[in-house]
Amino acid sequence: MMRVDMNLDTKRYDRWCIKILWVAGACFSVTHRHRYRFADTAQQFVGGVLLAIPFVVTEEVWVLAASMGPAHTGGVFTLVVLIGYGTLYKADASRNPEDEVDVGGVPIRFISLLTVALGATVVLATLITAPQTFLIDGEVLDKPTRLQYAYTVLNAVGIASVSSIVGAATADSLFWVVTKHRYLHASFSKNYLWTFNHSEKTGVRNQ
């Protein structure tokens, strides 16, 4: 803890207090726990859909999905998780998962990212009837059972989600950087105005 020389006059002491509070306020604006908003999910969804589209409408993806086994399925979904986490918290060193609001130690932002990446792919594939078009009408599967049909769709969703989660995480990161800079700018402006007004009142502005 910094010790203040009590022999300093009141004006010099006030000036040091103002500077300390200004720096502390700026630091707090960067290190506060980032609140997760619905707008963050919307941004992730837009990015996820944009990069999922090329994979969902490609027949080769459904052919590959039909040939995958349990080990391949597990590997693909593990890759989705690793890419999502790495893009959010490893590609940008300024982001720390410990600064995020979490549930059971898992950041809500990361949970939302996985949900959006997988959900956006499922919604998109359903809307354009991709499973029916490629698997049944395109005869990728020959008279499949319900389990085989569902498993193939799951594999296709996993493949498309590898790209979808990149788009979702990238969109989230870009908007997060913009929001952080705006918050930082607003914080500095607020602290500057407080310093200016306090200096005017105490008469230390020109000391």
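The values are calculated or read from the model by the stated rules, or taken from the named source; none is laboratory data. Values in this document were obtained by computation on a predicted structure and should not be read as measured data. Ideal geometry is used to build each Cβ from the backbone, glycine not excepted, and the neighbour counts take in all protein chains shown.
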*Residues of the stretch 33-48 being under 17 Å from Arg95 (Cα atoms) and modelled with pLDDT of 85 or more, which ones?*
Gln44
*Only one residue in Ala71, Ala66 is modelled with pLDDT of 80 or more, surrounded by fewer than 11 Cβ atoms within 10 Å (Cβ to Cβ) and part of a helix (DSSP H, G or I), so which one is that?*
Ala71
*Tally the residues that are surrounded by 15 or more Cβ atoms within 10 Å (Cβ to Cβ) and without any contact (Cβ under 8 Å) to a residue 24 or more places away in the chain, restricting the search to the stretch 81-96.*
1
*asked:* Here is a check on your reading of the model: is Val116 in a helix (DSSP H, G or I) and closer than 16 Å to Ser164 by Cβ?
replied: yes
*Hey, among the residues in the stretch 136-155 that are under 16 Å from Thr58 (Cα atoms), at pLDDT 95 or above and not polar (S, T, N, Q), which one's surrounded by the most Cβ atoms within 10 Å (Cβ to Cβ)?*
Val153
*How many residues does the stretch 91-106 contain that are in contact with a Pro (Cβ under 8 Å, 6 or more places away or on another chain) and of a type in the set (A, V, I, L, M)?*
1
